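The values are calculated or read from the model by the stated rules, or taken from the named source; none is laboratory data. No experiment lies behind these values; they were computed from the predicted model shown. So basically every Cβ, Gly included, is an ideal-geometry build from the backbone, and we count neighbours across all protein chains shown.
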Amino acid sequence: MDKHSDTNVDGTKRTLSNRHVQMIALGGTIGTGLFLGASTSITKTGPSIILVYLIIGFFFFLMMRGIGEMLYQDPSQHTFIAFISRYLGQRTGYFAGWTYWIGLIFVGMAELTAVATYVQFWFPHAASWVIQVIFLAVLTSVNLIAVRLFGEAEFWFAMIKIVAILAMIATGVFMVFSQFKTPTGQVSLSNLTTGFTLFPNGIHSFIGAFPMVFFAFLGMEFIGITTAETKNPRHVLPKAINEIIYRILLFYIGALLVIMMIYPWHSLSTNQSPFVQVFALVGLKAAAAVINFVVLTSAASSLNSMIYSSGRHFYQLATESHSPLMRHFKTISTHGVPANGILISAVLILFAPVISALPAVSNAFSLITAASSDLYLIVYALTVVAHYRYRQSTDFMPDGFLMPAYKVLDPLLIVFFGVIYLSLFFDTSNLVPAVLGIVWCAGFGFFASREKSTVPTMSTER
């Protein structure tokens with residue numbers, strides 16, 4: 001693949017820049033997991049939630065180095081799942097490919113559910129399904145028109161929420177140094193340290209905080225999915241991966257520290273965004289409306305990234321399939337995007353309002369996020385195994401973007417993903433998705449082991 005060409009071999013356009021890639025990864029990762037889910041995480045374990053974020057952020061960075069090494073060796077791939085097919089076999093790749101795509105659809109459903117909730121803040125009588133259809137139609141259209149338009153839309157979506165986080169961090173720092181007082185007391189570091197215990201609600205709650213924090217980091221791998229559509233993949237990839245973890249940790253850790261310095265952590269409500277609660281507490285009268293706009297933008301940004309990623313992933317599944325039905329999804333549109341893959345993904349994301357309407361589902365957002373997390377865990381673990389096999393294969397590029405100490409860190413990552421999966425069982429609301437994840441592995445895993453429609457071919461064009 002000519003590094004100076006603007007078009008990949010398959011017809012997709014390479015028009016994304018480094019700033020687009022950085023924002024796509026941030027947009028896919030910094031979403032409702034922080035803006036909505038942080039309240040739940042903080043109330044579970046208090047200031048020690050910072051430790052949970054640091055642990056999970058560190059392991060995500062290690063995983064991204066492994067994915068980055070394989071993509072650097074073959075930047076023509078649209079998804080890292082292709083490497084599972086190459087190094088673990090076509091049937092394992094078939095299982096991982098469909099599992100990951102369904103995981104993307106679930107995350108898209110979660111974000112679409114959140115979008116409807118935020119819009120109803122201003123229009124409480126509007127039907128949620130109407131809101132969801134309109135938002136999904138608009139964002140799908142953006143993805144169908146051109147890669148660069150998607151990149152620009154995601155850049156500004158992500159910029160809004162990043163500015164909001166930085167504004168809150170700056171406000172918190174100013175309040176600490178000015179000894180600002182709120183109705184709940186003085187803004188101070190002492191809100192973090194006074195009476196500090198590692199497990200204020202017990203180790204059970206500490207472990208139970210891991211699934212929501214894990215969900216908050218999902219989407220970091222989008223930085224790899226976008227690589228094939230950048231102008232110079234091997235130049236952009238190392239820089240993007242090495243920088244993204246520091247930025248995400250800054251936004252997450254910085255935001256969480258400020259929230260808990262301003263607002264005593266044990267007083268946070270789990271039914272409202274911590275950002276809304278903090279700005280309301282410091283006297284910003286329009287806090288609810290302003291922050292609601294930010295979190296709405298955040299959810300739309302994440303949904304935008306999900307549509308982008310799921311469309312390209314389904315295209316990859318189609319190219320590796322011999323099924324007559326899948327031949328309709330092997331084409332690239334005149335705009336240089338896998339239009340049919342984007343459309344089928346968007347249609348399935350529309351099942352979100354159906355799930356929300358089920359009488360047995362009390363919290364559709366929590367149910368869908370847990371379901372997506374267990375599917376991601378399975379695929380992430382297989383990806384790490386694929387990286388280990390890559391390092392032992394003839395494809396290994398010794399002068400590439402190497403992950404350090406892979407013989408130690410790859411097995412450590414597998415153990416980590418296993419621990420996160422087990423932590424799903426510590427919360428009764430995650431129990432059903434966790435069990436269904438095991439059922440999925442057993443049922444679809446058996447089917448995939450017998451499936452012969454996939455082929456082990458992958459583009460090796462450099």
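Worth a mention:
For every residue, the table says whether it meets (1) in a helix (DSSP H, G or I); (2) buried (at least 16 other Cβ atoms within 10 Å of the Cβ); (3) modelled with pLDDT of 85 or more.
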residue: 122; (1), (2), (3): no, no, yes
residue: 125; (1), (2), (3): no, no, yes
residue: 134; (1), (2), (3): yes, no, yes
residue: 150; (1), (2), (3): yes, yes, no
residue: 200; (1), (2), (3): no, yes, yes
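- Any hit, region 247-255, residues being among the hydroxyl-bearing types (Ser, Thr, Tyr) and not in a helix (DSSP H, G or I): no
- Within region 373-394, residues that are within 13 Å of residue 68 (Cα to Cα) reach partners that are among the β-branched types (Val, Ile, Thr) and surrounded by fewer than 24 Cβ atoms within 10 Å (Cβ to Cβ) with beta carbons closer than 8 Å, at six or more positions or on different chains, in the pairs 384/414.
- Selection within region 41-85 - among the acidic types (Asp, Glu) and either part of a helix (DSSP H, G or I) or touching a Lys or Arg at 6+ places or on another chain (Cβ under 6 Å) (or both): 69
- When region 385-395 is filtered for residues that are of a type outside the set (Phe, Trp, Tyr) and surrounded by fewer than 23 Cβ atoms within 10 Å (Cβ to Cβ), the ones remaining, listed by number, are 385, 389, 391, 392, 393, 394, 395.
- Breaking point among (1) hydrophobic (A, V, I, L, M, F, W, C); (2) at pLDDT below 85; (3) over 29 Å from residue 70 (Cα atoms), for residue 236: (3)
- Condition check for residue 432: in a helix (DSSP H, G or I), at pLDDT below 85 and over 21 Å from residue 65 (Cα atoms): yes
- Applying the set (1) small (Gly, Ala, Ser); (2) touching a residue at least 40 places away in the same chain (Cβ under 8 Å); (3) under 25 Å from residue 293 (Cβ atoms); (4) exposed (fewer than 14 other Cβ atoms within 10 Å of the Cβ) to residue 185 leaves exactly one unmet item: (3).
For (1) closer than 17 Å to residue 256 by Cα; (2) touching a helix residue (DSSP H, G or I) at 6+ places or on another chain (Cβ under 7 Å), each residue gets a yes or a no:
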{"site": "174", "(1), (2)": "yes, no"}
{"site": "179", "(1), (2)": "no, no"}
{"site": "184", "(1), (2)": "no, yes"}
{"site": "189", "(1), (2)": "yes, yes"}
{"site": "194", "(1), (2)": "yes, no"}
{"site": "203", "(1), (2)": "no, no"}
{"site": "220", "(1), (2)": "no, yes"}
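- Residue match in region 331-338 (condition: assigned to a helix (DSSP H, G or I) and at pLDDT 75 or above): no
- Criterion violated by residue 227 - all others in (1) at pLDDT 85 or above; (2) buried (at least 18 other Cβ atoms within 10 Å of the Cβ); (3) hydroxyl-bearing (Ser, Thr, Tyr) satisfied: (1)
- Those residues of region 159-198 which are within 16 Å of residue 253 (Cβ to Cβ) and assigned to a loop (DSSP other than H, G, I, E, B), in sequence order: 189
- Candidate set: region 279-290, residues that are assigned to a helix (DSSP H, G or I) and modelled with pLDDT under 80; chosen: the one nearest to residue 253 (Cα to Cα): 279
- Hits in region 152-187 - residues which are closer than 21 Å to residue 287 by Cβ and small (Gly, Ala, Ser): 164, 167, 170, 172, 178, 185
- Residue pairs whose Cβ atoms lie under 9 Å apart, separated by 6 or more positions or on different chains, with the first residue in region 70-81 and closer than 13 Å to residue 97 by Cα and the second acidic (Asp, Glu), are 78/10; 78/229; 79/221; 80/221.
- Meets criteria (among the aliphatic types (A, V, I, L, M), at pLDDT below 90 and assigned to a helix (DSSP H, G or I)) for residue 96: no
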